[in-house]
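One structure is given here, and the rest of the page talks about it.
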Amino acid sequence: MDNTPAKPRTGPLSGIKVLDFSRILSGPYASMVLADLGADVIKIESVEKGDETRGFPPFVGPLSHYFIALNRSKKSICLDLKSAEGVKIAKQLAQQSDIVLENFRPGVMDRLGLGFDVLKASHPELIYCAISGFGKNSPHADKPAFDIVAQALSGVMSINREPGQAPNKMGLPFGDLAGSIFALFGILAAVHERNSTGKGKLVEVAMLDSLIAMQGYLSQLYFVTGQTPQPVGTRHPSIVPYGSFPTKDGHVIIACLTEVFWHNFARCLDLEDLITDSRFSAYEQRLKNSAALEPLIHARMTQETTEYWLERLTEFDVPNAPILSIGEALDQEHVAAHNLIETVTHPVAGDLQMVRGPILFDGEGPSPASAPPLLGENTIEVLADRLGYDTSQIEDLIDKKIVGCGDIKP
């Protein structure tokens with residue numbers, strides 16, 4: 001195994017050091033985005049098994065698909081955080097870090113001696129971000145939380161279905177992702193503030209809070225009408241026509257969010273009389289009379305193929321799309337045009353394809369990623385280069401199983 005230190009990350013956050021205690025998804029996604037933006041991320045993992053997602057099949061060589069998706073461009077060091085020496089090393093690394101990130105249940109890091117109050121006492125510039133399922137003040141604070149739990153409690157699952165069907169979770173793990181996204185907002189805001197004040201900040205984000213915050217107009221529908229929103233499938237609760245419409249051989253997505261698009265759509269269907277029909281001439285009337293309008297649309301659209309309608313809808317400037325599979329989405333021309341897929345070479349797993357970060361700065365995306373690390377791949381490098389440990393000290397820590405470094409030997 002080549003233990004040559006990786007080149008420093010480049011990007012707007014170049015020089016920012018992140019110590020990442022998180023695992024599974026909600027924290028690792030956030031730290032991966034920070035790495036995409038140029039931060040130097042050290043991932044702390046347990047000595048024996050590391051991040052639980054390392055064991056999720058299927059695999060490419062020794063790497064889980066799940067771990068690959070969330071841990072590019074990071075370094076891995078294995079520490080026994082239940083030992084005093086392991087906690088000492090973690091504290092030393094935190095002293096050198098700009099950001100500490102964790103996603104344990106509230107109180108876990110405090111019990112380990114690695115909570116915000118302890119770390120900030122000797123490092124007042126530290127930004128400490130804690131992601132949890134519910135937050136420390138919730139009646140659910142001590143309960144385990146995963147994506148589907150947050151989705152269920154947020155109300156999202158109740159509407160993520162066709163009318164009359166069983167509640168369903170979103171295909172994306174949006175409970176975890178929402179927590180990550182808001183954590184990134186908080187971290188970057190705290191970095192900006194620290195540039196002025198020189199002081200760090202405790203950033204706390206709950207997955208459930210994040211999903212509820214992303215309800216948008218759905219929560220407002222409830223506040224305004226007093227009625228909880230009901231499932232509408234691909235349709236919209238207040239805009240018609242909107243959603244998936246059948247064709248002769250499939251379905252097409254259509255979204256008429258403005259009157260201009262509604263008029264364009266009616267003309268596209270060769271049903272221009274619908275524009276002046278009093279039942280359909282305005283938003284409220286179309287919503288009220290959707291049961292009369294949609295059969296007219298269906299009857300016309302099922303006369304022609306999906307390909308026909310995609311071409312015609314585009315010709316008439318109506319927002320439209322085919323419904324692609326994940327594979328089709330990754331293979332589409334847009335993805336290639338935006339260079340959203342890159343290949344990195346892993347020393348054991350070989351070439352790996354991964355989706356790049358989407359943010360462009362001056363027209364350029366993130367610097368080339370490095371492959372996700374093997375368990376403990378960077379333990380020796382970090383202990384030697386960051387903390388100045390010599391070979392005998394590292395060997396002693398390995399023998400005591402305070403640290404782990406996979407198959408790499410000093």
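The values are calculated or read from the model by the stated rules, or taken from the named source; none is laboratory data. Fair warning: this is a prediction, and the values are worked out from it, not measured in the lab. Note: ideal-geometry Cβ built from the backbone for every residue, glycine included; neighbour counts use all protein chains shown.
Can you confirm whether GLY11 is in contact with a Phe, Trp or Tyr (Cβ under 8 Å, 6 or more places away or on another chain), outside any strand (DSSP E or B) and surrounded by 24 or more Cβ atoms within 10 Å (Cβ to Cβ)? Explain how you work it out, then say what you get.
Working: in contact with a Phe, Trp or Tyr (Cβ under 8 Å, 6 or more places away or on another chain): yes; outside any strand (DSSP E or B): yes; surrounded by 24 or more Cβ atoms within 10 Å (Cβ to Cβ): no.
Criteria not met by GLY11.
Pairs meeting the criteria (first residue in region 285-302 and touching a residue at least 40 places away in the same chain (Cβ under 8 Å), second residue surrounded by 15 or more Cβ atoms within 10 Å (Cβ to Cβ) and aliphatic (A, V, I, L, M), beta carbons under 7 Å, at least 6 apart or on different chains) are ARG286/VAL240; ARG286/LEU293; LEU287/VAL240; SER290/VAL240; LEU293/VAL240; ILE297/LEU269. Taking region 305-331 as the range and being of a type outside the set (Val, Ile, Thr), in a loop (DSSP other than H, G, I, E, B) and surrounded by 14 or more Cβ atoms within 10 Å (Cβ to Cβ) as the test, the residues that pass are PHE316, PRO319, PRO322. Return yes or no: is GLY135 surrounded by 14 or more Cβ atoms within 10 Å (Cβ to Cβ), on the phi > 0 side of the Ramachandran plot and among the small types (Gly, Ala, Ser)? Yes: the conditions hold for GLY135. Being out of contact with any Ser or Thr (no Cβ under 7 Å at 6 or more places or on another chain), in the same structural domain as LEU208 (by TED's automatic domain parsing), small (Gly, Ala, Ser) and farther than 26 Å from ILE394 by Cα is a property that holds for GLY107.
Restricting GLY198, GLY216, GLY171 to those that are at positive phi and at pLDDT below 95 reduces the list to GLY216.
Scanning region 171-182 for residues that are within 24 Å of CYS129 (Cβ to Cβ) and assigned to a loop (DSSP other than H, G, I, E, B) turns up LEU172, PRO173.
May I ask you to verify whether SER97 is more than 26 Å from GLY133 (Cβ to Cβ) and buried (at least 22 other Cβ atoms within 10 Å of the Cβ)? Here the answer is no, as SER97 does not meet what is asked.
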